[in-house]
Amino acid sequence: TQADYGFFGQKDAQQFIILKKMVHDLNVPIELVRCPIVREESGLALSYRNKYLSEKDKKDALVLSKILCNIKSCYKKGITDVKSLKETTFSFLNDNHDLEYIEFVDKNDLEDKSVADDDTLVLIACRVAGIRLIDNVILGE
């Protein structure tokens, strides 16, 4: 049977956006629904990879959500220059963090942004204790 809906977590935002484009381009009769990121009480995004982190590592991993919250806060205060917003990232990092990327893209098509707006998706990947963790936020939500 053909499904009517497909539910995907916001944590894997890039995959969701690509699937949404495929569904549209191939005219597949299904509605894709983006579900919010589920977080631990601490703010850490839930992931099967979290089980590989010690309690100390989990505290270090909170840097991802802290960075995203700070960027969103700066945006809400009127800072829209992506270069300036990216610069705020580095004050949160220490030797326990290996930042892979922090990217600002359009939430609809993954096109790079130089000026942030409500449709900007901020993506981050960072290794903590050798474990690759990802997180993201949409600035207008």
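The values are calculated or read from the model by the stated rules, or taken from the named source; none is laboratory data. Here the structure is a predicted model, which means the values were calculated and not measured. Neighbour counts run over all protein chains shown; Cβ positions are idealised from the backbone, glycine included. Surface accessibility is based on the protein's heavy atoms, side chains included, excluding ligands, DNA and RNA. Shrake-Rupley method; radii C 1.70, N 1.55, O 1.52, S 1.80 Å.
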### Task
Could you grab me the full set of residues in region 92-141 that are within 26 Å of Lys59 (Cβ to Cβ), open to solvent by 40 Å² or more (accessible area, probe 1.4 Å) and in contact (Cβ under 8 Å) with a residue 60 or more places away in the chain?
Ala129, Arg132
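Step by step: first the residues of region 31-51, then only those that are of a type outside the set (D, E, K, R) and surrounded by 15 or more Cβ atoms within 10 Å (Cβ to Cβ), then the one that is nearest to Glu111 (Cα to Cα). Which residue is that?
Applying the filter and picking the extreme gives Leu32.
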### Query
Looking at Asp135, is it assigned to a loop (DSSP other than H, G, I, E, B), touching a Lys or Arg at 6+ places or on another chain (Cβ under 9 Å) and acidic (Asp, Glu)?
no
### Query
Given Ser54, Ser65, which one is open to solvent by less than 70 Å² (accessible area, probe 1.4 Å), closer than 25 Å to Asn108 by Cα and in contact (Cβ under 8 Å) with a residue 60 or more places away in the chain?
Ser65
### Hits in region 8-30 (condition: over 28 Å from Asp112 (Cβ atoms) and either among the aromatic types (Phe, Trp, Tyr) or surrounded by 11 or more Cβ atoms within 10 Å (Cβ to Cβ) (or both))
Ile30
